[in-house]
Amino acid sequence: MVDWANGYLRAYSTKKYHYEKHLTTRLHSLAQILLIDKIIQHIPPECNKLILIPHRYLHLFPLHALPITSEQGEDKAKILMDRFPAGVSYAPSCQLLQLTQTRQRPEDFTHLFAVQNPSADLDYTPIEVDVIKRYFNPPPDTEILVENDATKAAIDSKPLNNYHCLHFSCHGYFNYQEPRKSALILANAHKPASAEPNPERYLRVSENKEFDLEKCLTIDDVFDLQLEQCRLVTLSACETGLIDYTNISDEYIGLPSGFLVAGSPAVVSSLWMVNDLSTALLMIKFYQNLREQIPLAVALNQAQLWLRDSTQSHLLAWSRQLPLDNSLMKKIQQALDWFNPHERPFQNPYYWAAFCVIGS
C-alpha cells in the first residue's frame with residue numbers, strides 16, 4: 001500500500017500528464033490492494049448509503065471511484081458509487097461527523113455568496129457562477145465577488161453567517177510541509193518571488209511566484225468564520241480536499257475540516273488540480289440536481305456519473321438549455337467542438353472523480 005501511495009503522489013507531483021492518463025489503472029490497483037470486493041461482501045444488501053472515514057493518506061484518493069466487480073450478467077463496469085444509490089460521502093473523523101449531524105439548519109437554500117475567478121485566469125468560471133447564481137434568490141440575498149473585487153478584505157467585510165451556500169470558484173493550494181498555510185487564493189495574492197521572503201507571511205510555490213497569505217483565505221482564517229446559517233460550502237478549486245496525511249490523530253488538517261468546524265454541515269471539495277471546463281459542467285449539473293431536492297451526496301454522485309457518461313452531442317444539447325448569453329454559450333460549444341459527437345470527452349476519472357462530499 002505504501003509503495004502504491006508513494007507512486008501515486010510522485011506521479012501527481014512530477015508527471016501530471018502521466019498521472020491523468022493512467023489514473024484508471026491506478027484505481028484498479030488500489031481496489032485490489034484494499035480488497036474492496038471482499039469488503040463489500042460483508043455489507044448487507046439493503047445498505048444503500050456509505051460514509052467513508054479514511055485513515056491517514058487514504059484521504060487523498062477518490063475511494064468513491066474505485067472499480068468493483070459487476071454482478072453476473074451485467075455488461076457495464078461498476079464503481080463503488082454504483083453500489084450505494086443513496087450516496088457515498090466522507091468525513092475527516094468520527095468526531096467531526098457527529099458534530100455535523102447534530103447541527104440544525106434552516107430548510108431554505110436561497111442565499112448564495114460566491115467568489116468568482118479572483119486570479120482572472122479561469123476561462124469557464126464565469127459560466128459556472130453565472131448559471132449557478134440563477135438557482136438562488138436575486139441580490140441582496142445573493143452576492144458575487146468577481147475577479148479583482150474578490151479580495152480578502154472584501155470577504156472579511158461580508159456577513160457570511162447570513163448565507164445558506166458559499167461557493168468558491170478559484171484556485172486553491174495545499175501546503176504539504178505546513179498544512180495550516182494551505183489556502184484559497186484570492187485577488188492580489190500573487191506576487192513575484194523575493195530573494196528572502198518572510199516564510200510566516202509568504203508561501204513560495206515556484207522559483208518565480210509566491211502568495212501573500214494575508215491576502216488569501218487560509219485554514220486558520222476559515223476556522224475563525226461563523227457560519228450559523230450555512231448548509232453547504234462548495235470549493236470548486238484545485239486541491240481543496242487534501243489533508244495533512246502525516247497526522248496520525250483523529251483530527252485531520254484541511255480546508256474541509258476548517259469549514260466544518262466553522263459551522264457548515266457539509267463541504268464539497270477536490271482532491272487534485274481539476275480541469276476548468278469539466279469542473280464548470282459538473283458544478284452546474286450538481287446544483288441543478290440540488291434544485292430538484294436530491295440529497296447532497298446523491299446530487300454530486302449523479303452529476304459525476306452524468307459527466308462521465310455524456311457524449312459530446314449530449315453535452316452540446318444540454319448546454320443549449322442553460323440560461324447563458326450568446327458569448328458564454330459559444331465558449332462552451334467551441335470547447336466541445338474538439339470532440340466527435342459520439343465521443344465521451346470526460347470519461348477519464350481525472351475529470352469527474354476529484355470532487356467529494358465531506359460531512360453530513
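The values are calculated or read from the model by the stated rules, or taken from the named source; none is laboratory data. In this text the structure is predicted, and so the values were computed from the model without any measurement. Please note: Cβ atoms are built from the backbone with ideal geometry, for glycine as well, and neighbour counts cover all protein chains shown.
Some points to look at:
- Looking across region 309-334, the residues that are surrounded by 19 or more Cβ atoms within 10 Å (Cβ to Cβ) and in a helix (DSSP H, G or I) come down to Leu315, Ser319, Ile332.
- Looking only at residues in region 202-226 that are among the aliphatic types (A, V, I, L, M) and modelled with pLDDT under 80, the one that is surrounded by the fewest Cβ atoms within 10 Å (Cβ to Cβ) is Val205.
- Hits in region 91-109 (condition: touching a helix residue (DSSP H, G or I) at 6+ places or on another chain (Cβ under 9 Å) and among the hydroxyl-bearing types (Ser, Thr, Tyr)): Ser93, Thr100
- Residue-level analysis places Lys158 among those that are of a type in the set (Lys, Arg), in contact with a strand residue (DSSP E or B) (Cβ under 7 Å, 6 or more places away or on another chain) and touching a residue at least 24 places away in the same chain (Cβ under 8 Å).
- For beta carbons closer than 8 Å, sequence separation of 6+ or different chains, a first residue in region 333-356 that is in contact (Cβ under 8 Å) with a residue 12 or more places away in the chain and on the phi > 0 side of the Ramachandran plot and a second that is crowded, with 18+ Cβ neighbours inside 10 Å and of a type in the set (Phe, Trp, Tyr), there are no qualifying pairs.
- Selection status of Tyr90, aromatic (Phe, Trp, Tyr) and either in contact with a Pro (Cβ under 6 Å, 6 or more places away or on another chain) or more than 30 Å from Ser206 (Cα to Cα) (or both): yes
- Every residue from region 96-140 that is assigned to a helix (DSSP H, G or I), surrounded by fewer than 17 Cβ atoms within 10 Å (Cβ to Cβ) and free of Cβ contacts under 8 Å to residues at least 24 places away in the same chain: Gln98
- A count restricted to region 147-163 and to residues that are in contact with a Leu (Cβ under 7 Å, 6 or more places away or on another chain) and either in a loop (DSSP other than H, G, I, E, B) or over 25 Å from Arg134 (Cβ atoms) (or both) stands at 4.
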